[in-house]
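Engineer: Let me begin by handing over the structure; questions about it come next.
The values are calculated or read from the model by the stated rules, or taken from the named source; none is laboratory data. These numbers come from a predicted model, not from an experiment. FYI the Cβ positions are ideal-geometry reconstructions off the backbone, even for glycines, and counts take in every protein chain you see. Heavy atoms of the whole protein, side chains included, go into the accessibility calculation; ligands, DNA and RNA do not. Shrake-Rupley method; radii C 1.70, N 1.55, O 1.52, S 1.80 Å.
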Amino acid sequence: MKQLESKSMVLLRHHLKALRLPTIGAEAEKVAAQAACDNVDHLTYLLQLCELELLEREKRAAERRLKAARFPTFKSLETFDFTARPSVNKVLVTELARCEFIDKRENVLLVGNPGTGKSHLATALAAAACAKGYKVRFFRATELVTTLIEARDERSFLRFKASLQKLDLLVLDELGYVPASKVGAELLFDVISTAYERTSMIVTTNLPFESWTEVLGSERLTGATLDRLTHRCRIIETKGESYRLSDAKTRARSTRNARSVAKTRASAAD
Ligand code: ADP
Ligand code: MG
């Protein structure tokens, strides 16, 4: 009997492998033992195994989507301190994290000085989208322009553009740090107008709208780009000083306080 069982187990493993059900293969015996203890019927046992397979599959797909998004550093909304950035509307950000804006093909624009949490929020919202099953890709604007320029004259250009069109959400980080060349600005505009009303975008920039001409060169191109980006767009302003700077100041202040407490204690002990 024992031998028969192990023979059917070998066959079962083989079939499950052919059917690409690795989690059921790995868990079948353990769950069967538990089912026997709990007096669980056959259909419930099968249901438990299917649920395990689906859960594991979804977990792996979510990991793949996160990897494919290529975030430079992972950030989440849980680690964003909203009290440190009162200009950011927490209710709006929480609503955006539900990702309905992606279904509506809307954009999100994060505007503010360096260090004020724009990339953090953009990454956290895009990571929330990955978790919900959306296809996401994160680019620094300069990185995207360089990739486009390099691929321009090759067949990979069309392949790259097709891969952008398959996305649900495109993140363009740091638009405006470096002025784009004429060709770069036109290629960037091409991406933005192709995405318009088809793929949602999250764009972060340190530039107020009136300075965008400095980056994109021509007023005509700037007008057309802004028109597409800001149509059906949620704007989040991260006003105030750099988080890193204020964080450093707070740390310096607490070190100074700790030192003066230690000094007072030392002189009291003398
Ligand atoms: P920006 O893109 O506006 O230049 P970042 O998002 O890169 O700024 O923020 C700089 C650093 O400070 C990052 O490590 C980020 O995680 C952190 N940071 C910024 N704002 C906050 C905040 N409100 N709460 C927690 N961390 C923050
Ligand atoms: Mg940034």
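Engineer: Being crowded, with 16+ Cβ neighbours inside 10 Å and within 8 Å of ligand 1 (Cβ to nearest atom) is the filter here, so list the residues in the range 64-81 that pass it.
Structural biologist: Answer for the range 64-81, where residues must be crowded, with 16+ Cβ neighbours inside 10 Å and within 8 Å of ligand 1 (Cβ to nearest atom): Lys75, Phe80.
Engineer: Continuing with the same structure: Can you pull out every residue in the range 1-59 that is charged (D, E, K, R) and outside any helix (DSSP H, G or I)?
Structural biologist: Scanning the range 1-59 gives Arg20, Asp41.
Engineer: Within the range 140-163, take every residue that is buried (at least 18 other Cβ atoms within 10 Å of the Cβ) and under 13 Å from Ile192 (Cβ atoms) and give me the one that is nearest to ligand 2 (Cβ to nearest atom).
Structural biologist: If we take residues in the range 140-163 being buried (at least 18 other Cβ atoms within 10 Å of the Cβ) and under 13 Å from Ile192 (Cβ atoms), then Ala141 is nearest to ligand 2 (Cβ to nearest atom).
Engineer: Can you find a residue that is within 25 Å of the chain's Cα centre (by Cα), closer than 25 Å to Lys135 by Cα, buried (at least 19 other Cβ atoms within 10 Å of the Cβ) and more than 16 Å from ligand 2 (Cβ to nearest atom) anywhere in the range 197-209?
Structural biologist: Checked against the condition, which is being within 25 Å of the chain's Cα centre (by Cα), closer than 25 Å to Lys135 by Cα, buried (at least 19 other Cβ atoms within 10 Å of the Cβ) and more than 16 Å from ligand 2 (Cβ to nearest atom), the range 197-209 yields at least one hit.
Engineer: Can you tell me which residue in the range 116-135 is farthest from Thr238 (Cα to Cα), limited to those that are more than 16 Å from ligand 2 (Cβ to nearest atom) and open to solvent by 10 Å² or more (accessible area, probe 1.4 Å)?
Structural biologist: Gly133
Engineer: Here's something else I'd like to know. Taking the range 102-115 as the search range and keeping residues that are part of a loop (DSSP other than H, G, I, E, B) and away from ligand 2 (no atom under 16 Å from the Cβ), which one is least open to solvent (accessible area, probe 1.4 Å)?
Structural biologist: Among residues in the range 102-115 that are part of a loop (DSSP other than H, G, I, E, B) and away from ligand 2 (no atom under 16 Å from the Cβ), the one least open to solvent (accessible area, probe 1.4 Å) is Glu106.
Engineer: What's the number of the condition Ser119 fails, among (1) more than 16 Å from ligand 1 (Cβ to nearest atom); (2) under 22 Å from Ala68 (Cβ atoms)?
Structural biologist: (1)
Engineer: Could you say whether any residue in the range 90-101 is surrounded by 14 or more Cβ atoms within 10 Å (Cβ to Cβ) and away from ligand 1 (no atom under 16 Å from the Cβ)?
Structural biologist: yes
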